[in-house]
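To start, the structure itself, in structure tokens.
Each reported figure results from applying straightforward, stated rules to the coordinates on display, with no laboratory input. Computed from a predicted model, the values in this text were never measured in an experiment. Positions of Cβ are generated from backbone atoms using ideal geometry, with glycine treated the same way; all protein chains shown enter the neighbour counts.
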Amino acid sequence: MGLLQIIYTSHATVRLDGDELKQMVAAASRRNHAGDVTGMLYAAEDAYLQVLEGSDKNVLVIYADILRDNRHDDIHTVVIRPIEQRDFPNWSMALLDNCEEPIDLAHVLNRRDDRAGIWNDASWPSILNTFRAELATTEP
Ligand SMILES: Cc1cc2nc3c(=O)[nH]c(=O)nc-3n(C[C@H](O)[C@H](O)[C@H](O)COP(=O)(O)O)c2cc1C
């Protein structure tokens, strides 16, 4: 069965405090774990960027629920691609909410008027590497 990776950005409609965010991610991680879905959630001030990866079916089922979630809106699928290997194999859903915002990411999150151009943005590998490096210092 093929592996699929989806990356989206969204705008937070509700400002979740640290504990609320951790609770939401804990629930999401349990569900992801059950479906062997991995990834990470980057929570900025009022924006999210999430990476989901796993079997096509399981990723799409979870993404369908995420798209309906009214805790965020302005959801833009910026990457959807088949992958050979996961970028976050050890994380049911890693939470990054206090890392130094990579410059490329600020660029992506701010390009609200031109999301289509992000699809082919050559900076994705470097953005993902920044997150992976950040997570390398944290316990899964
Ligand atoms: C920014 C954001 C990221 C989320 N990530 C996940 C996730 O990775 N996995 C997951 O199962 N639910 C995630 N959720 C929660 C889902 O949207 C949904 O609430 C959850 O799957 C429970 O669905 P249900 O209320 O229909 O049972 C996320 C929600 C938000 C707002």
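Compute, for the stretch 1-100, the length of the dipole vector about the Cα centre, with Cβ point charges of +1 (Lys, Arg) and -1 (Asp, Glu) only. Units Debye, rounded to 20. The partial results should precede the final answer.
On the way: 9 positive and 16 negative charges, 79 e Å.
Using only the charged Cβ atoms, the result is roughly 380 debye.
Where the centre of each part is set by its Cα atoms, how far does the stretch 37-64 sit from the stretch 121-140, in angstrom?
So the separation of the two Cα centres works out to 15 Å.
If I stretch the segment between E45 and I80 completely, what's the gain in nm (0.36 nm per residue apart, minus their alpha carbon distance), one decimal?
On the way: separation 35, 0.36 × 35 = 12.60 nm, distance 2.45 nm.
Taking E45 through I80 to full extension adds about 10.1 nm, to one decimal.
Most exposed first by the Cβ proxy, i.e. fewest other Cβ within 10 Å, how do Y42, Y8 rank? Walk me through the intermediate numbers first.
Details: Y42 23, Y8 20.
The most exposed by this proxy come first: Y8, Y42.
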